[in-house]
Amino acid sequence: MGQTQDSLDRQLAIAREELGKYVSILDEKKVTETERKRDPIWRNLDSKCRQVRTRMFAVEAVAAREAECAKRKEAATAE
């Protein structure tokens, strides 16, 4: 069974919160945005956010596909 939109929303919120905390630490150290991209911890946290967003797009695509299949099935049984 795939993941639900609610669980992905929660995971994304947690990932963004962790990234935000680390960004504030980097801001205190006066690390610029271009230098952040070289920081391995920042890269790892950013990749987690991107992974969850990608999964969210996949869940939305599956939901749209299932809705279309249900619509076609309903149209076929109505005939």
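All of the numbers you see were taken from the coordinates with simple rules; none came from a lab. Quick caveat: nothing in here was measured; it's all calculated off a predicted structure. For neighbour counting, all protein chains shown are included, and Cβ atoms are generated from backbone atoms with ideal geometry for every residue, glycine included.
Numbers at a glance
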quantity	calculated
Exposed-site-free run, longest, the chain (rule: trypsin sites (Lys or Arg not before Pro); DSSP loop; at most 14 other C-beta within 10 Å)	39-79
³J(HN,Hα), Karplus 6.51/-1.76/1.60, whole Hz, each residue of segment 35-42, x for Gly, Pro	6, 4, 5, 8, 7, x, 5, 4
Using alpha-carbon coordinates, inclination of helix 5-28 to the longest axis of the chain, degrees	10
Calculated P(r) of the chain - Cα pairs past 17 Å, %	59
Cα-projected label distance for residue 64 with residue 27, points at 7 Å along beta-carbon direction, nm	3.5
